[in-house]
Structure formats: C-alpha cells, structure tokens
1. Non-local amide H neighbours of residue 99 (under 5 Å, H modeled in plane, Pro and chain starts lacking H): which ones?
2. So how do 238-249, 33-44, 116-127 stack up, highest first, on mean other-Cβ count within 10 Å?
3. From the phi of every residue in the range 98-108, what ³J(HN,Hα) in whole Hz does the Karplus formula 6.51 cos²θ - 1.76 cosθ + 1.60 yield, where θ is phi - 60° and glycine or proline is x?
4. Compute the Kirkwood hydrodynamic radius of the range 191-260, taking the inverse of the mean of 1/r over all pairs of distinct Cα atoms, and give it in Å to one decimal.
5. List the residues, sorted by chain then number, that are 5 or more residues from residue 288 or on another chain and whose placed amide H is less than 5 Å from its amide H.
6. Using a ≥ b ≥ c from the Cα gyration tensor of the range 278-317 (square roots of the eigenvalues), is it rounded, prolate or oblate, where a/c under 1.5 gives rounded and otherwise the larger of a/b and b/c decides, a/b for prolate?
7. Under a point-charge model restricted to the Cβ atoms of Lys and Arg (+1) and Asp and Glu (-1), what is the dipole moment magnitude of the chain relative to its Cα centre, in debye to the nearest 20?
8. Hey, if we sort 105, 294 by accessible area with the 1.4 Å probe, largest down, what's the order?
Amino acid sequence: MIADVVVDLQYGDCGKGKVTHYLCKTSDYTHVIRYNGGCNAGHTIYHDGRKVVTHHIPAGVFFGIKSIIGPGCVVDPDQFFEEIKTLEGLGIQARNLVHIAKNAHVITRDHLREDGSDLTIGTTKRGNGPAYRDKYGRKGKRAEDVEALQSFIIDVYEELHNNEKEVKILFEGAQGFGLDIDWGDYPYVTSSHCTAASALLNGVPPQSVRNIYGIAKMYETYVGAKRFEGSEDVFEQIRETGEEYGATTGRPRQCNWMSWQLLEKAININGVTDLVINKVDVLEEVGQWALYDHDQRREFESSQAMQEWLFSKTKNLGVKNVNFSGNKERI
Ligand code: IMP
Ligand code: MG
C-alpha cells in the first residue's frame with residue numbers, strides 16, 4: 001500500500017484542490033480519500049477550463065478514480081447530494097465513484113442550527129463543531145445509520161486491506177495547519193485534525209506513507225472572527241488581485257504577510273517532502289514582497305529574491321522538492 005498526503009500548511013485556501021487535481025491527473029492512484037472536515041471546506045478546481053468548487057467530494061471523481069469520504073470526516077447528507085447533482089450537471093459521473101466510510105459521522109439539522117448561531121469563532125456555519133463534539137461525546141450518528149446514504153457506504157478496512165489490486169492512495173486534506181484543533185490558534189480553529197498525521201487515522205499504517213505534499217501561498221489569508229489582517233494598504237490590493245473571498249461562504253479573507261515561523265513549524269510537524277508555494281503571481285502583480293521572520297518584518301526587492309530565501313530555508317528543513325506556482329497557471 002502506498003499513500004501520498006496533501007496537507008495545507010497555513011489557514012486553508014492555499015490551493016490544495018488544484019494540487020490534488022494535478023496529482024490525480026498525472027499519477028496512478030487507485031483511491032482518493034478526504035481525511036478530515038466536512039462541507040466547511042471549499043476546494044476550487046479548474047477542470048477542462050471550468051471552475052468547480054467541491055466541499056465534500058474528493059477530486060478523484062474528475063478522473064474516474066474511486067473517491068472516499070473517510071472515517072475522519074463529517075458528512076451533511078443534503079449537501080452531499082447537492083454536490084453530486086452539481087457535478088453530474090457538469091458531466092462528471094460522481095455517483096458511481098464516490099463512497100462514504102461507514103464510520104464517518106453525520107452533520108444533522110440540529111448541528112446546523114446550533115452552528116448557525118455561532119458568533120465567537122466565525123465558523124462557516126456548516127455544523128462542523130457540533131458534529132465533532134457529538135462524535136467525541138459518543139452520541140453522534142454514523143453514516144452507516146442514515147437510510148439515504150446506504151448505496152454509498154463503504155467499509156474502508158475491507159476496501160484498503162483486502163483489495164485484490166495494489167492500493168495507491170492520495171489523501172486530500174481540508175482546512176489547514178493554522179486551523180488545526182491542537183496546533184492552531186485555539187479557540188480560532190476548526191474541530192478536526194488538519195495535519196498529515198490525521199490521514200493515518202483513516203485506516204492506513206504509517207509505513208505506507210510516501211510523499212507529503214505541503215501547500216502554502218506567498219502571503220497568508222484567514223477567514224474567521226479573530227483580527228488577522230496587517231495594517232498596510234497593500235492587503236486590500238492583495239485581496240482583490242488574489243480573489244481572496246471564501247469559496248464556501250463568500251466572506252472576504254483577511255490578508256497578511258506570510259509568517260515564516262508558522263510555515264517552518266508546519267513543515268516540521270507534517271514532515272513535508274514536497275512543498276508547493278502558490279499565488280506567486282499575485283505578489284508580482286502587486287509589486288511588494290515581505291514576510292515575518294520570527295516577528296521581524298523582512299522585505300524583498302523581487303519575487304526571485306523572496307523565492308530564493310524560501311528555497312534555501314525550506315531545503316535546510318529537509319524538504320526535497322520546492323515548487324513555486326502562480327494563481328493563473330491552470331494545471
Ligand atoms: P468551522 O470549521 O466551520 O467550525 O470554522 C472554524 C474556523 O475555520 C473559522 O475561522 C472558519 O472560517 C475556518 N475554516 C473552516 N473551513 C475552512 C476552509 O476550508 N478554508 C478556510 N477557512 C476555513
Ligand atoms: Mg478553501
């Protein structure tokens with residue numbers, strides 16, 4: 001068994017969808033598995049020139065790969081069916097490819113109602129927190145107990161460990177390291193584990209892990225209730241140029257310079273082997289480059305200079321491959 005993991009190293013919205021889509025297109029995976037979160041996620045994907053936003057369904061469906069919503073996820077059945085309909089409307093035959101782990105948990109109407117009145121964290125109001133709370137409180141409902149989901153239910157152990165063929169999995173993460181329940185800025189976090197380790201909780205042994213694709217971008221964005229945006233005017237420009245509005249809720253994302261300290265920590269904790277830094281072209285268009293180097297603001301005179309600095313720093317951490325990519329590159 002081989003498992004590669006895609007993990008976001010900042011606050012979500014770094015381009016995991018794009019990287020997952022690219023990896024599905026260019027590699028020979030037998031399964032794509034979402035390993036955490038629910039429909040709070042919004043993965044923007046360009047497929048055959050069209051923009052598609054997925055919330056629950058893994059990107060494997062675009063390439064005929066079996067796609068599983070793993071045991072670490074929470075599922076909203078209404079949203080799930082809605083998404084299948086949207087994908088099928090675009091000619092993507094999701095129904096026969098997508099499965100839900102029987103032990104994934106369900107987001108109920110009560111969860112949605114409760115999360116809908118959240119005023120403290122600035123959640124996506126998709127019922128995530130209450131669903132995970134009930135799971136860990138041992139009073140949750142599992143997907144296998146929902147009548148409407150029966151034809152999608154799968155036993156992940158049987159599927160991965162008693163499969164006749166060799167299994168090659170791409171794990172698709174949701175949210176990001178800065179939103180992780182343990183490593184994020186608590187309580188301004190999501191309710192699941194967003195690190196690469198979380199992928200392993202979905203039924204694969206640690207020895208199966210091959211590549212860890214860590215995804216970041218050249219600046220940071222965050223959506224939620226805490227104050228995050230830097231005070232310089234340039235962040236307004238970055239938001240417009242980078243189209244930094246939530247894929248799930250449409251909220252403007254708060255922008256700031258990249259924190260090298262956060263990226264370094266995320267690379268170390270996730271064991272990143274391959275790093276992708278996205279949206280390089282946004283700062284090029286804006287014409288300013290900076291990051292926080294352990295609370296010191298460090299400026300660069302060009303994109304090239306910032307990339308070189310990041311390249312040498314990340315290589316020192318043992319990252320094997322470093323890639324810089326632009327928002328407008330459609331891969
Ligand atoms: P929740 O996951 O909806 O409970 O929201 C908790 C925090 O995580 C809020 O600040 C959300 O804006 C943020 N969040 C949740 N999902 C995503 C995502 O996919 N991208 C970016 N932020 C997210
Ligand atoms: Mg997103």
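1. Answer set, sorted by chain and number: 67, 68, 69.
2. On the way: 238-249: 18.1, 33-44: 26.8, 116-127: 16.3.
Order by mean packing, descending: 33-44, 238-249, 116-127.
3. Rounded to whole hertz, the list is 9, 9, 10, 4, 4, 9, 6, 9, 10, 8, 9.
4. It is 14.6 Å.
5. Answer set, sorted by chain and number: none.
6. It is oblate, given that a/c is not under 1.5 and a/b is not larger than b/c.
7. Working: 38 positive and 46 negative charges, 115 e Å.
For the chain, the charge dipole is close to 560 debye.
8. 294, 105
The values are calculated or read from the model by the stated rules, or taken from the named source; none is laboratory data. Note that the coordinates shown come from a computational prediction; the quantities given were computed from them, not determined experimentally. Methodologically, a virtual Cβ is constructed for each residue, glycine included, from the backbone with ideal geometry; neighbour enumeration extends over all protein chains shown. Remember, those area values only see protein heavy atoms, side chains included, never the ligands or the DNA or RNA. Shrake-Rupley method; radii C 1.70, N 1.55, O 1.52, S 1.80 Å.
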